[in-house]
Amino acid sequence: NGMQVARQTGCTISGNRIFSNTGSGMQFYDDCSDNQVFDNVVYSNAAAIGVHYTEDAGVSQSGGAFFRNRVYGHQQDVRFTNTDAVMIRNNTVYHATAGASNSAFVFEGDNGSSGWTLKSNIVVNTVASSPCITVLGGSETGSISRYNTLYPTGTALVGSYLATSAATLAAWFGLSGW
C-alpha cells in the first residue's frame, strides 16, 4: 500500500501524491478515528481500491473528514467499511476502471457505515453498469448525500442503493431520498 494508517486518532494527512503501488493507495484501519485527510492525489494503484477506510466486523472507526482529494484509476475509488460519521466533501473522483466490484464511492459493512455525509463532491463515471455511489445494507442509517455532481456517461449508473440500481438522478432520489 502507498500509505497505511492504523490505531491513530486526530492525524492530519495532506498534500500527498500516491500512485503506482502494488496495494491500495491509502488504507485506514484498526480504530483510526477523527483523522483529517485532505489535498491528496491518489491514482493508478494496482489494488482495486484507491482509498479504503476499513474495520473488522464489530469494530468501527468514526469521525474525521475526507476532503479536497482527487482519486482516480481504481475499480473502487473510495470505500468505507464499518466507518461512521465521516464528512466526505469537495472531492473529485474520476471512475473509469472496470472490475468485479465497481463504484466511485462505496459504503458498506457488517455493522454498516452510518452517519456519514457525502457533500459537494464531483463524480465522473465512465464504466458501463457501474454506479457513482453504492450504499449497501446498514450503511444508510443517519447518512446524507447532498449537493454532489454525479455524472455517469453512457450506460454508467448514478447509484446503487441497498442493491437496487438507479440510472437517473430522479431514480436515485426515489430510492435513497437524497
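What FRET efficiency would be calculated for the residue pair Asn1, Trp178, taking the C-beta separation as r and a Förster radius of 25 Å, to the nearest 0.05? The partial results should precede the final answer.
Details: r = 31 Å, r/R0 = 1.25.
For R0 = 25 Å, the calculated efficiency reads 0.20.
Candidates Trp116, Val5, Phe173 compared by Cα position along the dipole of the chain: farthest toward the positive end lies Phe173, with charges placed on Cβ. Carbon and sulfur together cover what percent of the accessible area of the chain at a 1.4 Å probe radius? Whole-percent figure for carbon plus sulfur exposure: 50.
Using only alpha carbons, build the gyration tensor for the chain and give me the equivalent ellipsoid semi-axes, biggest first, whole Å. Spell out each step's value before the answer.
Working: eigenvalues 103, 69, 40 Å².
Largest first, the chain gives 23, 19, 14 Å.
Ligands, DNA and RNA are left out, and with a 1.4 angstrom probe the accessible area of segment 1-88 is 40 Å² per residue. The helix-based estimate of mean residue ellipticity at 222 nm for the chain, built from -39,500 (n - 2.57) per DSSP H run of four or more residues and divided by its residue count, is -1000 deg cm²/dmol to the nearest 500. Antiparallel beta bridges, as assigned by DSSP with both residues in the chain, represent about 5 percent of the total such bridges.
Within segment 1-86, which trypsin sites (Lys or Arg not before Pro) sit in a loop by DSSP and count at most 16 neighbouring Cβ atoms inside 10 Å? Qualifying residues, ordered by number: Arg7, Arg68. Summing +1 for each Lys or Arg and -1 for each Asp or Glu among the other residues whose beta-carbon sits under 10 angstrom from that of Trp178 gives 0.
So if I place +1 on the C-beta of Lys and Arg and -1 on the C-beta of Asp and Glu, and nothing else carries charge, what would the dipole magnitude of the chain be about its Cα centre? I want it in debye, nearest 20.
600
Spin-label model, Ala98 to Gln36: label points 7 Å out along the Cα-to-beta-carbon direction sit 4.2 nm apart.
State, as an integer percentage, the relative contact order of segment 85-178 based on alpha-carbon contacts under 8 Å between residues 6 or more apart.
In percent, rounded to a whole number, it is 27.
Of the peptides 89-95, 160-166, the ranking by mean beta-carbon count within 10 Å, highest at the top, reads 89-95, 160-166. Potential lengthening of the chain between Ala167 and Thr22 amounts to 48.9 nm, from the contour at 0.36 nm per residue minus the alpha-carbon distance.
Each Lys or Arg adds one and each Asp or Glu takes one away; over the other residues whose Cβ falls under 13 Å from the Cβ of Ala163, this sums to -2.
The values are calculated or read from the model by the stated rules, or taken from the named source; none is laboratory data. Since this is a predicted model, take the numbers as computed values, not measurements. Methodologically, a virtual Cβ is constructed for each residue, glycine included, from the backbone with ideal geometry; neighbour enumeration extends over all protein chains shown. All accessible areas refer to the heavy atoms of the entire protein, side chains included, with ligands and DNA or RNA removed. Shrake-Rupley method; radii C 1.70, N 1.55, O 1.52, S 1.80 Å.
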